[in-house]
Amino acid sequence: VVPDHWQTYRDELQDVHNGVVLSRLVFSTGYKQLWVYDTNKDPVNMQAIPGTWTPPHEDIVGAHFREDGTIEYFQMYQWYVYDGKQAVAQGDYVSWYRETENAMQIVGSRMAWLDPNDVLRVSDVSGVKTFGAVGVSGEFRLTEGHLFYASADGKGKKYDFNTKETSDTTFVVTHESVDASAGVDSYGNIWYKNAHSGASLKIGFGADPVLADETHVYWRGFDDTIYEATIAVGIHSVMVDARSVKLATDSTVYVVANGTRYTVPNENVYVSWFGTWNTLETISEKELDSFVEGGVLSYAPGTKLKLAHDPKVYVVGTDGSLHWMTTQTIAYMIFGSFWNHEILEITQMDLTGLHLGSSLLTERDAQAI
């Protein structure tokens with residue numbers, strides 16, 4: 001039990017570590033101070049952290065225990081570490097240009113923050129690591145095992161605390177589950193990524209996207225309206241383990257997956273799967289012959305197609321059939337704000353080998369394909 005402290009306006013619990021309570025006391029005069037209560041002792045030992053007496057116009061934020069029992073916090077934007085005896089300024093500051101909730105995050109024993117120059121730093125008991133300047137949006141997210149952030153050049157980054165490696169990502173993850181993740185890039189685009197297939201989808205503009213479940217994403221638009229997108233998981237699945245290959249002596253391109261090779265009939269079909277030619281490999285004839293012939297490759301599920309001079313837009317289902325998206329509402333449910341982007345125009349000749357499937361009238365129809 002933590003006793004009431006006299007003359008306080010409120011006693012704000014900050015953190016608990018091995019029976020020791022860290023509290024931020026706000027007095028009736030507006031002054032603040034950090035206190036430590038050791039509940040392992042009887043009576044409870046109460047001690048103010050030296051140097052934390054803070055006037056009303058200043059503040060103390062981010063106070064928490066680290067895994068070794070030391071305490072770190074920001075007082076008037078300056079970073080301090082308290083070792084149980086004295087509080088020592090560490091020489092770094094949290095940004096005073098951004099709201100605290102946008103400039104600092106704490107997960108477990110780690111703290112990530114932006115300094116006044118929008119340089120991202122992460123501290124723990126081993127020290128502080130600097131990740132460089134972030135993009136204008138200032139997007140970053142700290143999790144137990146990773147740090148996601150947007151670099152100054154607009155690229156998404158993912159740092160793994162276990163491997164100490166940084167990799168590029170399409171967007172900064174703001175919410176994730178075992179099935180999917182959602183996030184925003186440095187340009188304000190909202191993204192969805194399926195964790196099983198690896199497929200990513202740009203669905204709108206705004207901030208703070210969250211997953212309701214594997215198939216629904218909500219976010220706040222720049223007009224402060226809450227938007228929602230329904231993800232048709234099946235048609236956004238791709239062969240993430242597929243390779244595009246060719247022989248040095250032949251221009252024919254193949255896609256190889258699960259020991260089977262498929263012949264690519266045209267550029268549109270190829271682009272629907274890979275989007276870029278950068279992944280095309282040149283292999284030997286012996287290796288090519290080791291794969292089972294699988295026939296002609298069709299468009300990737302989720303590809304949007306339309307015939308020239310016909311306003312109808314179709315989406316390729318997991319069954320390989322074309323499904324007419326009967327309304328803009330249905331198209332928006334599947335693809336978000338970008339439903340009318342990246343539509344491939346085909347001819348009557350391209351329809352050879354393609355079949356018309358059921359029309360999409362409802363959200364349930366979209367989920368079924």
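Just so it is clear, none of the values below were taken in a lab; they were calculated from the coordinates. Just so it is clear, the model here is predicted, and its values are computed rather than measured. So basically every Cβ, Gly included, is an ideal-geometry build from the backbone, and we count neighbours across all protein chains shown.
Label zone of V44 (point 7 Å out along Cα→Cβ, amide N under 20 Å): in the stretch 85-123 this covers no residue at all. In terms of packing, defined here as the mean over residues of other Cβ atoms within 10 angstrom, the peptides 158-164, 110-116 line up highest first as 110-116, 158-164. Counting only Cα atoms, the stretch 109-237 measures 44, 32, 25 Å along its principal axes, largest extent leading. Enclosing the Cα atoms of the stretch 268-350 in their convex hull gives a volume equal to 123 cubic angstrom per residue. Here, the chain is characterised by an Rg to Rh ratio of 1.12, where Rg is the alpha-carbon radius of gyration and Rh the Kirkwood radius. Assuming a ≥ b ≥ c are the square roots of the Cα gyration tensor eigenvalues, decide whether the stretch 1-82 counts as rounded (a/c under 1.5), prolate (otherwise, with a/b larger than b/c) or oblate. Taking the square roots of the gyration eigenvalues as a ≥ b ≥ c, the stretch 1-82 is oblate.
So what is the orientation-averaged projected area of the stretch 175-293, using the convex hull of its C-alpha atoms, in nm²?
Quarter of the Cα hull surface area: 8.8 nm².
Kirkwood's formula applied to the C-alpha pairs of the stretch 21-177 gives a hydrodynamic radius of 16.7 angstrom. In this model, which of K155/K246; K157/K193; K164/K202; K155/K193 are farther than 20 Å apart at the alpha-carbon? Pairs exceeding 20 Å: K155/K246; K164/K202. Take 181-190, 244-253 and order them by the average number of nearby Cβ atoms within 10 Å per residue, most first; the result is 181-190, 244-253.
For the stretch 239-296, take N as its residue count and report Rg(C-alpha) divided by 2.2 N^0.38 Å.
On the way: Rg = 10.4 Å, N = 58, 2.2 N^0.38 = 10.3 Å.
Against the empirical 2.2 N^0.38 Å value, I get 1.01 for the stretch 239-296.
Bridgeable aspartates and glutamates around K304 (alpha carbons under 19 Å apart, same-chain partners fewer than 8 residues away excluded): E267, D319, E342, E345, D350, E363, D365.
Only DSSP H runs of four or more residues enter the estimate; each adds -39500 (n - 2.57), and after division by the residues of the chain the mean residue ellipticity at 222 nm equals -2000 deg cm²/dmol. In terms of the mean number of neighbouring beta-carbon atoms within 10 Å, the peptides 314-320, 76-82 order highest first as 314-320, 76-82.
The shape of the stretch 304-368 comes out oblate: with a ≥ b ≥ c from the C-alpha gyration tensor, a/c is at least 1.5 while a/b does not beat b/c.
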